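A.B. asks: Please see the structure below; I have some questions.
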Amino acid sequence: MSAVRDLLGPDQVITDPARLRTYECDGLARHRVTPGLVVLPRTAEQVAAVVRACADHATPFVARGSGTGLSGGALPHADGVLIVTSQLRRIVEVAPDDERAVVEPGVINLHVTHAAAPHGYYYAPDPSSQLICSIGGNVAENSGGAHCLKYGFTTNHVTGAQVVTPDGDVVELGGRAPDPPGYDLLGAFVGAEGTLGITTEVTLRLTRAPETVSTLLAAFPDTDHAGAATSAIIAAGVVPAAVEMMDALAIEAAEAAVGCGYPPGAGAVLIVELDGEVEFAQVELLCREAGATEIRIAADAAERALIWKGRRSAFAAVGRLSPDYIVQDGVIPRTALPAVLRRIAELSGDSGVRVANVFHAGDGNLHPLVLYDASVAGQEERAEEISAAILDLCVEHGGSITGEHGVGVDKAKHMPRMFTADDLDTMHLLRCAFDPRGLANPGKVFPTPRLCGEVPGKHSGPHPLQEAGLAEVF
Ligand SMILES: Cc1cc2nc3c(=O)[nH]c(=O)nc-3n(C[C@H](O)[C@H](O)[C@H](O)COP(=O)(O)OP(=O)(O)OC[C@H]3O[C@@H](n4cnc5c(N)ncnc54)[C@H](O)[C@@H]3O)c2cc1C
């Protein structure tokens, strides 16, 4: 660690135990580890120097952006270095003619849109955390958001990345051009959750801002009707910029937190946003035919903002209903929404564990919020059981154990529900090509620690990575 410390100024290194603890978790506060050392580099060269020193001393390292991740991806390593990108916040270039922006990884998602807006552009991927999350974190998680239904996830908006590899080399993946030849290494890097290296500069695709945006809030008796409306809108060939759903419990929480004025007594609401107004009447009609009890259309920017405020506040707002909750994240084919939501309600009813649903309905990306009180014996365990059962449901219906929050430390144990040992070994081979010693964000994504070069398959006895305290077996 002293080799790393000496590379940076004293104000860029944190060793004080109390200050180290501020970094002990990300948005998934159930997992906490105090990092061995925290560094705040200001340049790509400093990141590379730190990573090189880690490589020389076989020290694990973890990248951290804003720490809003919900799967424990930025959970530190007790004997490792946490590399925080919050001082790498330069917007290097906005190039509207090329529809590109080049930014450092610590830049906040929404700040890209602020920089592009004077040119008539914006950055389309918009996680609900966009006021605080970083582009580096978005790239690592392949983050989504309300507008990813129409425009695609982060991976569709990153054309290039400068990357510090786990041995400290600085390489360029992709570039400004849309589709470079050869293997899609950039595609592999986006969504790798910091296990293939650290990005120090990202080239983003900018999207032309629509001339007008129309936003509609429709209230339904229940999630079945709201789900049917979602399917009807998509089946009609309309591609809204966003279709978001909240159920009664999520509405109750948002109402208490921000007074968003959603229709009282609604069993579910849909927020539908369209670029332009051409298909608006059709969407309204389809919502009415699917059983909407009330429809409101935002008359101006302030009304639109209030509609979105309820949705964007919903995760945090649920804290008003329950001292603790799990933010689950899974994805299913859109047509399975009514069946899966009904089953979640049954699981909730049978177990007595309350579940609020607030999610990206248009692309089937569920976010059940499983409520519990950790101070009541057994509640946390029951909540975790329900939460795991919801993931099983997603897989049974042809979906996935994560829609957009990543695997991290939280869902590594669930990977075998979706992938065979051979699948996981193949993914691991890719990881080994970037990081043969497993120093970049160890213990994340993969369920069982493996070393590069060893024979795939079952391991007998404790794994050397376990013995070194670098990883756990689930
Ligand atoms: C209220 C709330 C709402 C949210 N809504 C959404 C949503 O709608 N959609 C969505 O997808 N997510 C959502 N999230 C989850 C989270 O905001 C995203 O995953 C986000 O991309 C994380 O960014 P971050 O800067 O906080 O990253 P961190 O939490 O700091 O890190 C996340 C991962 O990225 C890695 N990482 C960070 N920087 C780098 C880098 N420079 N190079 C390589 N790896 C790096 C870390 O090691 C870690 O694995 C939400 C979270 C909250 C708290």
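The values are calculated or read from the model by the stated rules, or taken from the named source; none is laboratory data. These figures come from a predicted structure and were not determined experimentally. Ideal geometry is used to build each Cβ from the backbone, glycine not excepted, and the neighbour counts take in all protein chains shown. Please note that ligands, DNA and RNA were not included when accessible areas were found on the heavy atoms of the full protein model with its side chains. Shrake-Rupley method; radii C 1.70, N 1.55, O 1.52, S 1.80 Å.
A.B. asks: Go through segment 16-58 and give me each residue that's closer than 12 Å to L82 by Cβ, touching a Leu at 6+ places or on another chain (Cβ under 9 Å) and polar (S, T, N, Q). Reasoning before the result, please.
C.D. replies: Residues of segment 16-58 closer than 12 Å to L82 by Cβ: 19-26, 33-41, 50, 54.
Filter once more, so that each one left must be touching a Leu at 6+ places or on another chain (Cβ under 9 Å): 20, 23-26, 33-41, 50, 54.
T34 - this is the single residue of segment 16-58 that is closer than 12 Å to L82 by Cβ, touching a Leu at 6+ places or on another chain (Cβ under 9 Å) and polar (S, T, N, Q).
A.B. asks: Only residues that are away from the ligand (no atom under 16 Å from the Cβ) and either modelled with pLDDT of 95 or more or under 25 Å from the mean Cα position of the chain (by Cα) (or both): list them for segment 351-370, please. Outline the logic, then answer.
C.D. replies: Step one: filter segment 351-370 for residues away from the ligand (no atom under 16 Å from the Cβ), giving 351-355.
Result: V353, R354, V355.
A.B. asks: Something else now. Among the numbered criteria (1) more than 9 Å from the ligand (Cβ to nearest atom); (2) touching a residue at least 12 places away in the same chain (Cβ under 8 Å); (3) under 25 Å from the mean Cα position of the chain (by Cα); (4) closer than 26 Å to N109 by Cβ, which single criterion is violated by Q46?
C.D. replies: If we test Q46 against (1) more than 9 Å from the ligand (Cβ to nearest atom); (2) touching a residue at least 12 places away in the same chain (Cβ under 8 Å); (3) under 25 Å from the mean Cα position of the chain (by Cα); (4) closer than 26 Å to N109 by Cβ, just (3) comes out false.
Per-residue answers, yes or no, for (1) crowded, with 20+ Cβ neighbours inside 10 Å; (2) free of Cβ contacts under 8 Å to residues at least 12 places away in the same chain; (3) in a loop (DSSP other than H, G, I, E, B):
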position	(1), (2), (3)
T159	yes, no, no
R176	no, no, yes
Y183	no, yes, yes
A192	yes, no, yes
V202	yes, no, no
P210	no, no, yes
S214	yes, no, no
L217	yes, no, no
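A.B. asks: Collect the residues in segment 13-29 that are touching a residue at least 40 places away in the same chain (Cβ under 8 Å), more than 19 Å from P105 (Cα to Cα) and out of contact with any Pro (no Cβ under 9 Å at 6 or more places or on another chain), keeping them in residue-number order. I'd like the intermediate steps shown before the answer.
C.D. replies: The initial filter retains those residues of segment 13-29 that are touching a residue at least 40 places away in the same chain (Cβ under 8 Å), namely 23-28.
Subset that is more than 19 Å from P105 (Cα to Cα): 24-25, 28.
Of everything in segment 13-29, just one residue is touching a residue at least 40 places away in the same chain (Cβ under 8 Å), more than 19 Å from P105 (Cα to Cα) and out of contact with any Pro (no Cβ under 9 Å at 6 or more places or on another chain), namely L28.
A.B. asks: Only one of P105, P125, P60 is within 13 Å of the ligand (Cβ to nearest atom) and over 26 Å from T207 (Cα atoms). Can you tell me which?
C.D. replies: Details: P105 fails: over 26 Å from T207 (Cα atoms); P125 fails: over 26 Å from T207 (Cα atoms).
P60 is the lone residue from the list that is within 13 Å of the ligand (Cβ to nearest atom) and over 26 Å from T207 (Cα atoms).
A.B. asks: A further question follows. Could you give every pair whose Cβ atoms fall below 6 Å, whose first residue belongs to segment 404-422 and is free of Cβ contacts under 8 Å to residues at least 24 places away in the same chain, and whose second residue is open to solvent by 70 Å² or more (accessible area, probe 1.4 Å), counting only separations of at least 6 or pairs across chains?
C.D. replies: Taking only residues 6 or more apart or on different chains, not a single pair turns up.
A.B. asks: Which residue out of C133, C148 is more than 19 Å from T200 (Cβ to Cβ), open to solvent by less than 10 Å² (accessible area, probe 1.4 Å) and within 11 Å of the ligand (Cβ to nearest atom)? Talk me through it step by step, then tell me what you get.
C.D. replies: Details: C133 fails: more than 19 Å from T200 (Cβ to Cβ).
When all the criteria are applied, what remains is C148.
A.B. asks: I'm told P166 meets every condition in (1) surrounded by fewer than 24 Cβ atoms within 10 Å (Cβ to Cβ); (2) assigned to a loop (DSSP other than H, G, I, E, B); (3) more than 12 Å from the chain's Cα centre (by Cα) except one. Can you identify the failing condition by its number?
C.D. replies: (1)
A.B. asks: Can you find even one residue in segment 400-412 that is at pLDDT 95 or above, in a strand (DSSP E or B) and touching a Pro at 6+ places or on another chain (Cβ under 6 Å)?
C.D. replies: The answer is no; no qualifying residue exists.
A.B. asks: Select from segment 64-85 the residues that are farther than 19 Å from L196 by Cβ and more than 9 Å from the ligand (Cβ to nearest atom) and list them in ascending order. Steps first, answer last, please.
C.D. replies: Keep residues of segment 64-85 that are farther than 19 Å from L196 by Cβ, which gives 66-68, 70, 78-79.
Result: A78, D79.
A.B. asks: Output the qualifying pairs, or none if there are none: Cβ atoms under 6 angstrom, residues six or more apart or on different chains, first residue in segment 74-102 and more than 30 Å from L439 (Cβ to Cβ), second residue among the aromatic types (F, W, Y) and modelled with pLDDT of 95 or more.
C.D. replies: Listed by first residue and then by second, the contacts come to P96/Y121.
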